[in-house]
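The values are calculated or read from the model by the stated rules, or taken from the named source; none is laboratory data. A quick note: this is a predicted structure, and the numbers were derived from the prediction, not measured. Counting neighbours? That spans all protein chains shown, and the Cβs are built from the backbone with ideal geometry, glycine included. With ligands, DNA and RNA removed, areas are computed over all heavy atoms of the protein, side chains included. Shrake-Rupley method; radii C 1.70, N 1.55, O 1.52, S 1.80 Å.
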Amino acid sequence: MDFALSEESQAIFDMARDVGLSEIAPHARDWEAAGTIPKELWPKLATLGFGGLYVSEDQGGSGLSRLDATLVFEALSMACPSVAAFLSIHNMCAKMIDGFGSDDLKDRVLPRALTCETFFSYCLTEPGSGSDAAALKTKAVKTNTDYRLTGTKAFISGGGYSDAYIVMARTGEAGPRGVSALIVEDGAEGLSFGGLEDKMGWRSQPTRQVQFDDCATPLHNLLGEEGRGFSYAMAGLNGGRLNIAACSLGAAQQALDQTVAYVRERRAFGQALSDFQNTQFRLAEMEIELQSARIFLRQAAWKLDQSTPDATKFCAMAKKLVTEAGSRVVDGCLQLHGGYGYLGDYGIEKLSRDLRVHQILEGTNEIMRLIVARQMLAA
Ligand SMILES: Cc1cc2nc3c(=O)[nH]c(=O)nc-3n(C[C@H](O)[C@H](O)[C@H](O)COP(=O)(O)OP(=O)(O)OC[C@H]3O[C@@H](n4cnc5c(N)ncnc54)[C@H](O)[C@@H]3O)c2cc1C
């Protein structure tokens with residue numbers, strides 16, 4: 001057993017950290033205020049292979065392990081978790097195409113996804129079905145030339161911004177076996193969007209409803225086989241959950257690093273805050289919490305890489321554990337900053353807002369517990 005990162009993995013982390021520092025961190029607050037991320041960012045990240053982190057190399061992707069991919073998201077989140085998580089969604093879609101798409105679909109779609117010329121969104125949730133995603137109602141009716149979609153997807157990160165959408169829609173019976181995954185490109189007839197959602201965090205990512213009104217997408221835009229879409233969507237989520245956890249980890253580490261520097265500088269009652277034992281104990285608690293979260297996350301990523309039978313359970317456990325630890329640590333950092341932690345200039349309040357949603361999406365943390373308990377009781 002080796003707990004150290006290999007030289008190559010460390011280099012991947014460092015590369016992502018550097019590009020985050022130069023290309024993302026200086027703009028993160030402005031992008032949050034603007035409610036969008038300039039599209040020019042993505043091709044820059046794609047030149048480093050971040051457009052298809054775990055797309056196989058023979059398809060032109062980076063072919064990284066899940067573990068190495070979590071390092072990218074951990075490092076990018078030190079600059080901005082909202083930007084990093086947005087890129088994670090695109091990568092989840094690219095991997096679904098690589099993993100389940102026909103050769104024709106891959107040839108047509110993947111090259112532009114890898115360069116991020118086609119930025120992807122993932123459309124599963126609906127106004128009436130979130131946690132119970134298999135109850136989705138958006139319909140796709142097959143004709144001789146295309147699928148015609150009717151329905152509404154809710155909370156879509158990148159809705160009205162992305163160039164293409166992977167849409168889970170019902171082509172058959174009720175329940176998960178009646179769901180197919182279809183690619184719908186921006187500009188498709190019958191595709192429209194709701195207003196911009198006003199959110200607590202992740203504000204630099206535009207979130208909108210995505211609406212299909214007899215929306216046409218060609219037959220060849222079916223991903224894999226009809227009726228398998230729900231299992232593809234769930235397979236994508238295992239890795240997505242690791243990435244979201246990594247985003248919490250990186251952001252919390254950033255907050256903790258900033259806090260260590262801050263408590264050395266800031267003085268009260270004639271001494272540095274760092275001289276109070278309360279401060280020291282709080283720092284130590286947060287360090288213990290983050291380091292143990294990191295080890296647990298990397299173990300889960302390793303299990304997914306090895307396709308162990310308990311990989312899904314470990315991805316769910318890691319998502320729950322790390323996202324909750326990350327939010328606790330950021331909150332502790334905010335407290336140690338006193339009133340300044342509450343001000344935008346110090347960056348901590350943004351992290352607190354950004355990280356909160358990690359306990360809700362890609363499956364709520366209650367659903368993560370459900371997955372864990374089911375596996376335990378089935379054993
Ligand atoms: C900012 C943001 C971005 C998002 N981006 C996307 C995206 O890009 N694509 C996408 O498809 N979706 C996206 N989502 C949707 C997200 O995945 C859902 O919000 C999430 O799955 C929860 O669904 P819901 O909001 O309908 O809550 P509900 O399912 O209504 O849950 C409400 C509460 O009930 C609990 N609950 C539900 N069922 C159970 C149960 N069986 N046992 C115990 N407790 C339960 C939940 O844990 C939760 O606390 C996004 C959401 C947000 C907030």
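Take peptides 29-37, 59-67 and line them up by average Cβ neighbours within 10 Å, highest first, as a rough protection proxy. Don't skip to the end; give the middle numbers.
Values: 29-37: 16.2, 59-67: 20.1.
Going by the mean number of other Cβ atoms within 10 Å, highest first, we get 59-67, 29-37.
What number comes out for accessible area per residue over the stretch 307-379 if the probe is 1.4 Å? Units Å², please. All intermediate terms of the calculation are to be shown ahead of the outcome.
Numbers: 3440 Å² over 73 residues.
Using a 1.4 Å probe on heavy atoms only, each residue of the stretch 307-379 averages 47 Å².
Percent of accessible area on the stretch 252-379 owned by carbon and sulfur, 1.4 Å probe?
Values: 3700 of 6660 Å².
Answer for the stretch 252-379: carbon and sulfur cover 56 percent of the accessible area.
Over all alpha-carbon pairs in the stretch 1-93, figure out the percentage whose distance exceeds 21 Å.
Values: 1228 of 4278 pairs.
Looking at the stretch 1-93, the distances longer than 21 Å represent 29 percent of pairs.
Which order do the peptides 234-244, 149-159 take when ranked by the mean count of other beta-carbon atoms within 10 Å per residue, highest first? Could you put the intermediate results ahead of the total?
Details: 234-244: 24.5, 149-159: 22.4.
Result, highest mean first: 234-244, 149-159.
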Fill in the blank from the handout: Counting only protein heavy atoms and rolling a 1.4 Å probe, one gets per residue an accessible area for the stretch 160-258 in Å² of 34 Å²
Practice task
Would you mind telling me the share, in percent, of accessible area of the stretch 93-184 contributed by carbon and sulfur at probe 1.4 angstrom?
Solution key: 51 percent
Completion exercise
So the carbon and sulfur contribution to the accessible area of the stretch 1-61, 1.4 Å probe, in percent, is 52 percent
Exercise for the section: Enumerate the helices in the chain for which the Kyte-Doolittle hydropathy averages -0.5 or more and the C-alpha atoms extend at least 30 Å along the helix's axis, using complete DSSP H runs. Expected result: 229-265, 311-336
Handout entry: Gyration tensor (alpha-carbon) shape descriptor, the stretch 27-145, a/c threshold 1.5
Key = oblate
Exercise for the section: Report the normalised scattering of the stretch 106-247 as log10 I(q)/I(0) at q = 0.12, 0.17, 0.18, 0.19 Å⁻¹, calculated by the Debye formula with identical scatterers on the alpha carbons. Expected result: -0.45, -0.95, -1.08, -1.21
Practice task
In square nanometres and to one decimal, what's the mean projected area of the convex hull around the Cα atoms of the chain?
Solution key: 19.3 nm²
